[in-house]
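Below is one structure; the comments refer to it alone.
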Amino acid sequence: MTIAGRTLGSLLLFTVLLAAAPALAKTLVGALTAGAVASPDRFGALAARDALRKGGNAVDAAVATGFALAVTYPEAGNLGGGGFMTVYMDGKPYFLDYRERAPAAARADMYLNAAGDPDTALSLVGNLSAGVPGTVRGLYDAHQRFGKLSWKQDLAPAIALAKRGFRVPAALIAERDEAAPQFAKTTNFAAWAAPMRTGQLFRQPELAGVLQRIADQGADGFYKGPTADLVVAQMARGPIKGLITRADLAAYTAVWREPVVGQWRDFSLITAPPPSSGGIALLQMLQMKADAAPLFRGQMLNSPQYLHLLAEIEKRVFADRASYLGDPDFVKVPVAALIAPDYNARRAREIDPARPSATAGVVPGLEKPQTTHFSILDRWGNAVSNTYTLNGSFGAGVVVEGAGFLLNDEMDDFSAKPGAPNMFGVVGGAANAIAPGKRPLSSMTPTILLRNGRVAMVVGTPGGSRIFTSVFQVIVNAYDFHLPLKAAVAAPRYHHQLLPADTIFAEPYSPFPASLAAGLRTRGYKLVNQGYNGDIAAIEVAGRTPVVAPDPRARGFGLVVP
Ligand code: DON
């Protein structure tokens with residue numbers, strides 16, 4: 001009996017091992033010494049750490065961080081906004097689009113004044129600037145598909161932070177005070193934000209109530225019932241009425257899309273497809289830089305000639321962006337053509353090494369036609385790269401009364417009028433015109449780099465139109481210039497976006513090298529101070545051990561979780 005029993009036992013064990021072998025093999029291939037999180041604040045990082053320690057995977061940790069930041073990082077973390085999640089799970093790439101959608105009553109000319117010009121007071125502030133939020137549906141769908149912990153476990157840290165309060169960092173007070181004046185006349189922002197004091201506990205009982213409904217009822221706790229009623233009631237308050245209806249909320253869906261996947265050097269990049277322009281733009285920039293290698297040879301990082309060559313690449317990318325990119329459910333975006341190596345090699349040959357190509361001459365090239373990011377890695381080698389946003393800092397400045405969360409002003413990412421710049425100074429045309437149910441074009445670029453099927457880097461940032469140029473710079477700093485991650489993230493960032501013409505945006509670091517300013521002026525550029533740009537949250541894997549490097553520009557926090 002005993003022997004038989006043992007034999008049976010080991011046979012059973014053997015069978016189970018055999019059955020599990022493919023999954024096991026996959027799991028072991030990516031196994032790391034630790035998981036890691038790079039979050040825009042400490043509370044978000046701790047939420048991820050707790051999920052990873054409980055045996056959750058990268059998606060559980062991302063859901064926990066996403067909800068925690070909706071409590072502690074209200075300028076961009078959100079329930080009332082939307083975003084994108086790039087996932088690498090069990091050796092396969094995925095992309096979840098939970099971008100806001102235009103309400104059914106939205107119209108192409110809804111932000112034009114009597115003279116036919118865009119009125120940014122309407123597209124950036126107040127109820128009318130809000131798209132139908134996607135975050136809760138997105139985090140719910142991600143958890144449904146991949147979560148290992150329970151939904152309630154993933155929401156627990158956020159509920160505790162909202163109920164018990166968190167100590168307000170000085171940086172949040174600075175953000176609040178900077179944003180407040182633009183909301184003063186037309187929204188209820190001041191009343192909500194006034195009780196925050198540096199270092200004091202800030203409790204948000206109404207928000208805790210909404211989070212509890214979401215924990216109990218899933219996404220329906222947001223898109224139906226009392227929370228939906230509160231959002232709809234908010235649309236009728238204040239001087240600017242909004243468009244979001246119960247039907248808009250009930251009809252909101254997130255979409256699993258094919259990520260943009262491309263090769264660069266010995267890396268595979270998994271990155272954002274439309275309705276983001278970011279993944280396409282990032283691949284175009286990396287390819288053009290590689291194609292123009294002879295021009296870049298010997299150029300020091302951030303020398304005048306290096307920045308000129310980058311600007312030449314960027315202006316071509318932005319010309320394509322303005323013409324071809326929009327919501328793929330509404331317009332046909334020629335993704336394959338835009339990231340085709342031949343196409344980018346041809347565009348790279350157009351680079352003028354001596355001086356800026358004339359802005360008007362840089363046309364779309366095909367023959368035919370306060371956001372925040374977190375990066376998470378679990379010890380099984382799965383990764384989540386997630387960027388989500390309210391668009392501007394604190395979004396529309398509208399707090400849903402009784403629910404305690406802010407609504408986005410994402411409608412400004414549409415092209416209100418062909419050729420008219422949005423908040424980030426970028427232009428667009430028909431492909432990004434407003435239509436009911438459509439998603440506005442984004443630049444968000446949550447990206448995962450793989451080397452031999454294993455995660456090498458998880459990276460992303462806020463920054464509007466500067467997002468993909470920032471992600472590009474960090475990748476190139478790390479892999480072309482071999483800087484350690486910390487230095488690759490900290491290095492000064494520059495930006496050019498076709499319009500305004502011949503303008504290079506620089507950060508105000510000091511002392512600003514006089515030779516750089518002079519070198520750029522000689523080449524015909526105007527230098528403009530853009531303030532500090534971006535808040536990169538990056539994890540790099542060296543061997544089997546992750547390294548995190550918070551961006552010194554903000555209050556980011558990284559943790560390695562053994
Ligand atoms: O989707 C986009 O591209 C913008 N709404 C992102 C806004 C942003 O990054 C603001 N933060 N600086």
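The values are calculated or read from the model by the stated rules, or taken from the named source; none is laboratory data. Bear in mind the structure is a predicted one, so any value in this text is a computation, not a measurement. Please note: Cβ atoms are built from the backbone with ideal geometry, for glycine as well, and neighbour counts cover all protein chains shown.
Some notes on this structure:
- Leu520 satisfies every condition listed in (1) part of a loop (DSSP other than H, G, I, E, B); (2) crowded, with 19+ Cβ neighbours inside 10 Å except (1).
- Test: residue in segment 191-201 that is of a type in the set (Val, Ile, Thr), crowded, with 17+ Cβ neighbours inside 10 Å and touching a helix residue (DSSP H, G or I) at 6+ places or on another chain (Cβ under 9 Å): no
- Residue satisfying condition, being within 15 Å of the ligand (Cβ to nearest atom) and under 28 Å from Gln287 (Cβ atoms), within set Ser357, Ser415, Ser375: Ser415
- Test: Phe405 is aromatic (Phe, Trp, Tyr), near the ligand (Cβ under 9 Å from one of its atoms) and out of contact with any Pro (no Cβ under 7 Å at 6 or more places or on another chain): no
To keep it simple, each residue is scored yes or no on (1) modelled with pLDDT under 95; (2) under 24 Å from Val255 (Cα atoms).
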site: Glu401; (1), (2): no, no
site: Val427; (1), (2): yes, no
site: Gly437; (1), (2): no, yes
site: Ser443; (1), (2): no, yes
site: Pro446; (1), (2): no, yes
site: Ala456; (1), (2): no, no
site: Thr469; (1), (2): no, no
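- Within segment 442-469, the set of residues being among the hydroxyl-bearing types (Ser, Thr, Tyr) and either away from the ligand (no atom under 15 Å from the Cβ) or under 19 Å from Val384 (Cβ atoms) (or both) comprises Ser442, Thr445, Thr447, Thr461.
- Identity of the residue in segment 350-360, under 31 Å from the mean Cα position of the chain (by Cα) and farther than 14 Å from Phe296 by Cβ, that ends up surrounded by the most Cβ atoms within 10 Å (Cβ to Cβ): Pro356
- Of everything listed in (1) more than 23 Å from Ala319 (Cα to Cα); (2) touching a Leu at 6+ places or on another chain (Cβ under 8 Å), the single unmet condition for Ser510 is (2).
- Gly429 meets all of the listed conditions (1) within 15 Å of the ligand (Cβ to nearest atom); (2) surrounded by fewer than 24 Cβ atoms within 10 Å (Cβ to Cβ) but one, namely (1).
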